[in-house]
Amino acid sequence: MNKAVRAIGEIVIYHAHIYYDPETTRAAAEQLRVRIGERFKVRLGRWHEVSVGPHPQAMFQVAFETEVFPALVPFLMLNHGDLSILIHTNTADQQRDHVRDALWIGAKLQVKASGLPTEGPPNEAGEPNTTPTLAA
Ligand code: ZN
């Protein structure tokens, strides 16, 4: 085992995927989404009411630049309630990003990453669509 050290510059952006149950925890997810938008400059993705791609449950995505991580991730740690949140890097290897190198807040779910590419252009964040007015 003499693998090359990976530099943090490989990380283009991060995603947080906020999972919920449409029957029981959607209101909690809605509240957390509002609280994120009030405090952080991020791109809030649309609601996915059913499992899509590698994601095992309904969820929405939050895409954010690396400089947002030190405030947003602790905020989610303290405020996720009963929701499960996957935090993952976006590098050239999406399979590693989603499984081996991922962080979980709350209960860990099983991500189906086998269909994800292991090389290719990383995801970009896109323009933030929030206008924060409150301090974290
Ligand atoms: Zn993602």
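Taking every residue in region 66-91 that is without any contact (Cβ under 8 Å) to a residue 60 or more places away in the chain and pairing it with any residue that is charged (D, E, K, R) and in a loop (DSSP other than H, G, I, E, B), at least 6 positions away or on another chain, the pairs with Cβ-Cβ distances below 7 Å are Val68/Lys41. For region 95-133, the tally of residues that are farther than 19 Å from Val52 by Cα, open to solvent by 70 Å² or more (accessible area, probe 1.4 Å) and at pLDDT 90 or above stands at 7. The residues on offer are Ala92, Ala71, Ala136, and the sole one that is open to solvent by 20 Å² or more (accessible area, probe 1.4 Å), in contact with a Phe, Trp or Tyr (Cβ under 6 Å, 6 or more places away or on another chain) and more than 16 Å from Ile18 (Cα to Cα) is Ala136. Only residues that are acidic (Asp, Glu) and out of contact with any Ser or Thr (no Cβ under 9 Å at 6 or more places or on another chain) were counted across region 1-52, and they come to 4. Only one of the numbered conditions (1) out of contact with any Gly (no Cβ under 8 Å at 6 or more places or on another chain); (2) surrounded by 14 or more Cβ atoms within 10 Å (Cβ to Cβ); (3) of a type outside the set (Gly, Ala, Ser) is not met by Glu49, and that is (2). The set of residues in region 100-126 being within 14 Å of the ligand (Cβ to nearest atom) and acidic (Asp, Glu) consists of Asp101, Glu124.
The values are calculated or read from the model by the stated rules, or taken from the named source; none is laboratory data. Computed from a prediction, not measured in an experiment: that's the story for all the values here. Cβ: placed from backbone, ideal geometry, glycine included. Neighbour counts: every protein chain shown. Just so you know, the surface numbers come from the protein's heavy atoms only, side chains and all, with ligands and any DNA or RNA stripped out. Shrake-Rupley method; radii C 1.70, N 1.55, O 1.52, S 1.80 Å.
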